[in-house]
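Trainee: I'd like to ask some things about the structure below.
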Amino acid sequence: VTRDAAAKFLRDHLGTWIGAWCGALAEQGAPEFYVALGEAIRAAVAAECARLAVTPHMVAERLVDREAGGEAFTCPRADAGDATF
């Protein structure tokens, strides 16, 4: 049951958007540490997909949740220059 749930989670959720998310980190100029961490996460998800024989339908670009209020969410502290949040 747990293996089936993990496979479905990867196929239907995490595996679908992790590549686009990691690409966005690099494209938006995230610090190199976070880009590298994202790539490590992408590799771990790919390994789990292979282990569980899962082929997710990959999302190529950011999806917009119209119900959540638009195309972008901006952290209210983003312009504060405070890295402690």
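Here, each number is a calculation from the coordinates, and none is a lab measurement. Note that the structure is a prediction, hence the values are computed from the model and not measured. A quick note on method: Cβ atoms are made from the backbone with ideal geometry, for glycine too, and the neighbour counts reach across all protein chains shown.
Trainee: Efficiency by 1/(1 + (r/R0)^6): what FRET value for L37 and T2, r their Cβ-Cβ distance, R0 = 22 Å, to the nearest 0.05?
Mentor: Calculated transfer efficiency: 0.25.
Trainee: Give, as a single signed number, the net charge of other residues whose beta carbon lies under 15 Å from the beta carbon of Y34, with Lys and Arg counted +1 and Asp and Glu -1.
Mentor: -2
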